[in-house]
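Working notes, beginning with the structure itself.
The values are calculated or read from the model by the stated rules, or taken from the named source; none is laboratory data. The shown structure was predicted, so the numbers you read here are calculated from the model rather than taken from an experiment. Counting neighbours? That spans all protein chains shown, and the Cβs are built from the backbone with ideal geometry, glycine included. Surface accessibility is based on the protein's heavy atoms, side chains included, excluding ligands, DNA and RNA. Shrake-Rupley method; radii C 1.70, N 1.55, O 1.52, S 1.80 Å.
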Amino acid sequence: MQFMATKVRKKCENSIIWKLININLFCISVDLCYLCMLKIRLMISVEGLCVEFSAKPLFTNASFVVNDRDRIALVGKNGAGKSTLLKILCGMQHPTSGVVSIPNDTSIGYLPQVMNLQDDTTVREEAQKAFSAVRAMKARIDQMNQQLAERTDYESDDYLALVERFTQEHERYLMMGADNYEAEIERTLVGLGFERTDLERPTSEFSGGWRMRIELAKILLQKPDVLLLDEPTNHLDIESIQWLEQFLAQSAKAVVLVSHDRAFINNVSNRTLEISCGHIIDYKVKYDEYVVLRKERREQQQRAYENQQKEIADMRQFIERFRYQATKAVQVQQKIKQLEKIVPIEIDEVDNSAMHLKFPPCLRSGDYPVICEDVRKAYGEHTVFSQVNLTIKRGEKVAFVGKNGEGKSTLVKCIMGEIPFEGNLKIGHNIQIGYFAQNQAQLLDESLTVFQTIDNVAKGDVRLRIKNILGAFMFGGEASDKFVRVLSGGERSRLAMIRLLLEPVNLLILDEPTNHLDMASKDVLKEAIKAFDGTAIIVSHDREFLDGLVSKVYEFGGGRVREHLGGIYDFLQTKQISELNELGKEPNIPKVEISAEVPAKSVSYAERKDQQKKLRKAERAVEDSERKINDMERRLKELDELLMDPANASDMELVTAYTSIKRTLDEEVERWEKLSEELEQLT
């Protein structure tokens with residue numbers, strides 16, 4: 001085809017036909033460009049952006065645009081300014097200089113890492129706030145409809161104007177598809193992990209992580225032109241992350257996101273903005289391709305830097321050699337001027353994930369560190385799991401996965417001996433357990449600095465690399481001199497993780513270890529666990545972290561624990577094929593048809609009375625459970641406010657009270673769920 005086109009062109013390129021063809025092609029090209037301009041809508045334009053904190057520039061002269069259908073991954077080391085840039089884009093913070101231009105008709109939805117959450121509504125009512133404009137429109141339509149029904153001045157101009165307003169507003173309402181917003185609310189909340197029975201529960205009954213999911217649902221339901229998401233996966237499980245990936249790929253317009261979940265941003269992004277050395281570099285590729293291009297870019301920078309340093313050294317050598325020779329005075333002055341004009345070449349910041357960290361040598365454990373035989377855990381009538389049979393061999397790295405509330409942390413507590421259970425659970429010979437959970441951070445000595453905390457547990461050559469280790473976990477520079485008492489909850493968790501990495505253990509149990517780590521720190525931790533010669537149990541929803549790390553997956557759901565051999569992506573593939581994402585829901589029980597020969601038994605008056613009695617009893621039990629939950633939630637909120645004060649962060653009485661009430665609350669919530677299910681069956 002290309003050969004024939006070339007022959008035709010050669011024959012008629014000097015003819016009038018060819019000139020006409022060129023003119024037509026030019027017109028078509030202009031039209032296509034115009035259509036492309038119409039199709040690709042500019043959402044945000046950033047020009048010459050500069051942000052300074054204490055006269056120190058965070059980034060300077062940053063310029064880029066956000067277009068419709070862009071899926072931008074915002075990357076850079078901690079402290080580079082990713083969250084700050086998102087706040088500037090949504091108008092919550094102002095830059096030192098530069099311009100951020102956003103068209104008037106462009107709407108922006110922003111999900112921060114931490115936000116103030118409402119707790120005076122149900123889950124459904126809170127999600128309905130995303131449609132406040134739609135509900136206001138519906139109220140106006142209903143009001144106009146009522147006026148039309150009550151008035152009788154059908155021939156007046158005012159009545160006809162009301163009819164016209166009603167028609168326009170109603171048509172606009174129908175075009176928006178606003179009648180379906182309740183279905184959208186349910187679809188979004190269920191996609192983010194809620195059960196339909198959760199929608200009428202007060203938001204105050206849910207943990208902070210679940211309430212953050214409600215806020216994410218509200219933002220997604222508003223369907224803004226630009227979504228700014230700061231760590232949206234921190235409180236999501238694997239199923240919810242996969243749903244969010246599909247939503248962003250199919251339904252969102254433009255997205256700018258910060259995430260430490262490498263698989264998530266790679267699956268979502270088609271463009272990467274990197275903040276490095278105070279500059280913003282735009283890569284028009286998704287995250288995985290950006291990693292390759294960044295490596296090539298840094299190698300080029302390194303070569304250019306070395307050449308520049310050689311050139312500078314040659315100039316300085318020439319100046320020093322001929323500085324005092326009159327015959328070379330002109331050349332010396334030229335070299336000095338050239339030296340002053342040289343702009344130093346900057347090399348992108350080195351990724352700390354290149355650093356290696358190893359666990360200290362540990363004692364050899366028995367062949368089977370953990371054996372479970374028919375282990376069962378129940379709170380009252382509610383069974384968390386039963387018939388758990390598993391064997392973890394020495395040296396194995398296994399993952400506990402499943403939806404929140406299915407018993408992953410509960411089984412870990414059984415292994416740790418923190419809670420009672422039924423069945424046999426054997427801990428192997430010579431086992432030394434290293435356990436990481438959120439409350440571990442409360443046990444740190446507040447009178448020590450970050451450096452001293454790690455120096456006290458480091459042994460041998462590791463002590464020479466403490467600052468490098470702290471830097472890999474976001475405690476570089478002056479941060480290593482901070483006292484523990486001034487650290488936030490996330491910083492304390494990271495510090496507790498470093499301590500655990502340096503202690504000699506042979507069974508490592510990590511419960512959501514990556515929630516407060518960036519990609520570099522996660523890489524360091526992952527490499528250390530892979531090189532660990534002991535056994536590891538990892539409770540996590542981070543697929544990228546688990547990939548290549550674990551060789552066996554235990555799935556928690558429906559009161560059972562199922563073993564899957566292979567890595568995390570083998571498990572996910574199996575799950576999609578066999579529809580295991582439906583686990584945890586009630587199985588479809590086939591209806592039993594009653595034979596025509598045997599008439600169905602009619603319900604007697606006594607049976608109806610007994611049914612009503614059971615119903616009233618179930619309703620009272622649910623109400624009583626709800627009162628207990630509200631009282632405990634109120635007390636936990638009071639304790640949480642006390643523990644937020646750094647002065648009380650290590651008050652063991654408060655910590656013990658909080659832990660005890662939280663455990664009782666979890667048991668009561670599980671009891672409430674069981675009672676609610678029984679009530680639903682009766683109704």
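Things worth noting here:
- Residues (buried (at least 18 other Cβ atoms within 10 Å of the Cβ) and not aliphatic (A, V, I, L, M)) located in the stretch 531-551: PHE532, GLY534, THR535, SER540, HIS541, ASP542, ARG543, GLU544, PHE545
- Restricting the stretch 520-550 to residues that are more than 24 Å from the chain's Cα centre (by Cα) and in a loop (DSSP other than H, G, I, E, B), the residue that is nearest to GLN113 (Cα to Cα): PHE532
- TYR159 vs. criteria surrounded by 10 or more Cβ atoms within 10 Å (Cβ to Cβ) and in contact (Cβ under 8 Å) with a residue 12 or more places away in the chain: no
- So TYR324, is it without any contact (Cβ under 8 Å) to a residue 40 or more places away in the chain and within 23 Å of GLU544 (Cα to Cα): no
- Residue in the stretch 42-51 that is at pLDDT 60 or above, surrounded by 12 or more Cβ atoms within 10 Å (Cβ to Cβ) and either small (Gly, Ala, Ser) or in a loop (DSSP other than H, G, I, E, B) (or both) present: yes
- Counting residues in the stretch 603-625 that are open to solvent by less than 80 Å² (accessible area, probe 1.4 Å), in contact with a strand residue (DSSP E or B) (Cβ under 9 Å, 6 or more places away or on another chain) and modelled with pLDDT of 80 or more gives zero.
- If you go through the stretch 559-578 and pick out every residue that is open to solvent by 50 Å² or more (accessible area, probe 1.4 Å) and in contact (Cβ under 8 Å) with a residue 40 or more places away in the chain, you end up with 2.
- Every test in (1) modelled with pLDDT of 85 or more; (2) within 14 Å of the chain's Cα centre (by Cα) is passed by ASP225 save one, and that test is (2).
- There is at least one residue in the stretch 187-207 that is within 30 Å of PRO103 (Cα to Cα) and buried (at least 16 other Cβ atoms within 10 Å of the Cβ).
- Of all residues in the stretch 88-97, at least one satisfies being surrounded by fewer than 18 Cβ atoms within 10 Å (Cβ to Cβ), touching a residue at least 40 places away in the same chain (Cβ under 8 Å) and either over 28 Å from the mean Cα position of the chain (by Cα) or on the phi < 0 side of the Ramachandran plot (or both).
- Any hit, the stretch 478-501, residues being over 30 Å from the mean Cα position of the chain (by Cα) and closer than 19 Å to ASP523 by Cβ: no
- Entirely in the stretch 378-439, the strands (runs of 3 or more DSSP E) that have 2 or more residues that are buried (at least 20 other Cβ atoms within 10 Å of the Cβ): 382-392, 397-402, 433-436
- Within the stretch 317-330, tally of residues that are modelled with pLDDT of 85 or more and surrounded by 12 or more Cβ atoms within 10 Å (Cβ to Cβ): 2
- Considering only residues in the stretch 283-307 that are β-branched (Val, Ile, Thr) and surrounded by 14 or more Cβ atoms within 10 Å (Cβ to Cβ), the one that is nearest to VAL65 (Cα to Cα) turns out to be VAL285.
- So ALA62, is it crowded, with 21+ Cβ neighbours inside 10 Å and at pLDDT 90 or above: no
- Criterion violated by LYS310 - all others in (1) modelled with pLDDT of 85 or more; (2) at negative phi; (3) crowded, with 17+ Cβ neighbours inside 10 Å satisfied: (3)
- Flag for GLY407 being in contact with a strand residue (DSSP E or B) (Cβ under 6 Å, 6 or more places away or on another chain) and either closer than 26 Å to PHE475 by Cβ or at pLDDT below 85 (or both): no
- Among the candidates GLN143, GLN147, residue that is polar (S, T, N, Q) and under 27 Å from LYS218 (Cβ atoms): GLN143
Yes/no per residue for (1) over 16 Å from PRO361 (Cα atoms); (2) without any contact (Cβ under 8 Å) to a residue 24 or more places away in the chain:
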residue	(1), (2)
ASN456	yes, yes
LEU464	yes, yes
ALA479	yes, no
VAL484	yes, no
ARG492	yes, no
MET497	yes, no
LEU500	no, no
